[in-house]
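One structure is given here, and the rest of the page talks about it.
The values are calculated or read from the model by the stated rules, or taken from the named source; none is laboratory data. It should be emphasised that the depicted structure is a prediction, and the values quoted were computed from it without experimental measurement. All Cβ positions, even for glycine, are placed from backbone atoms using ideal geometry, and neighbour counts span all protein chains on display. The protein model used for the area step is the full one, side chains on, heavy atoms only, and it has no ligands, DNA or RNA in it. Shrake-Rupley method; radii C 1.70, N 1.55, O 1.52, S 1.80 Å.
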Amino acid sequence: MQDTEKQAENEQVQTAQAGQENQAEAVTTAAEPTVEEQLVAAEAKIAEMQDAFLRAKAEAENIRRRAQDDISRAHKFAIEGFAESLLAVKDSLEMALKIETPSVESLKEGVDMTLKQLSSAFEKNKLLEIHPQAGEKLDPMKHQAISAVPAEQEANTVVAVLQKGYTISERLLRPALVTVAQGK
């Protein structure tokens, strides 16, 4: 009888342990989402990330298009300020042509005033003269040597300026045309 009691007791312990294991399994199963739930959550996260990606891509495209439009407008209207400053020069030249009996003195005075207006327009728009002096060393970044002539000065120095050069905003627009001294 003791054996049956022990056996019954062992069965109760095993049943209790099995019940506890089942409860623990139920608790862990309830705490962990099922595979289907994980799949749904992952798909939702993918959809959210895809939406964010598409929005970011669209925003980048809008920024690129706006920048392109800004550049296009800048190119189109870049010369507007310069053109506006040249209008006064054109007006002065037209007024000079309207004078019926101009004197040499009045023509000279008008041309001088018009040249001052043009120089002012150039200066305002950062269009500056390159006017090398005789004896100055030839600078191939600003000068273009047309010919070399015998001279009483150091070789490769400016002898005469044939045409002024110009820079616009520190960028060479046209080099000064010069003759240089020949090497001895």
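Here are some notes:
- Qualifying positions in the range 170-184 - among the charged types (D, E, K, R) and either modelled with pLDDT of 90 or more or surrounded by 12 or more Cβ atoms within 10 Å (Cβ to Cβ) (or both): 171, 174
- In the range 150-166, of all residues being assigned to a strand (DSSP E or B) and open to solvent by 30 Å² or more (accessible area, probe 1.4 Å), the one that is nearest to residue 81 (Cα to Cα) corresponds to 166.
A quick yes/no check of all residues on (1) out of contact with any strand residue (DSSP E or B) (no Cβ under 8 Å at 6 or more places or on another chain); (2) loosely packed, with under 10 Cβ neighbours inside 10 Å; (3) of a type in the set (S, T, N, Q):
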residue: 37; (1), (2), (3): yes, no, no
residue: 50; (1), (2), (3): yes, no, yes
residue: 74; (1), (2), (3): yes, yes, no
residue: 88; (1), (2), (3): yes, no, no
residue: 110; (1), (2), (3): yes, no, no
residue: 113; (1), (2), (3): yes, no, no
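- The one condition in (1) under 30 Å from residue 124 (Cβ atoms); (2) open to solvent by less than 80 Å² (accessible area, probe 1.4 Å) that residue 93 fails to fulfil: (2)
- Among the residues of the range 157-169, the ones that are out of contact with any Asp or Glu (no Cβ under 9 Å at 6 or more places or on another chain), modelled with pLDDT of 90 or more and of a type in the set (S, T, N, Q) come to 1 in all.
- Residue in the range 126-148 that is surrounded by fewer than 12 Cβ atoms within 10 Å (Cβ to Cβ), in a strand (DSSP E or B) and in contact (Cβ under 8 Å) with a residue 24 or more places away in the chain present: no
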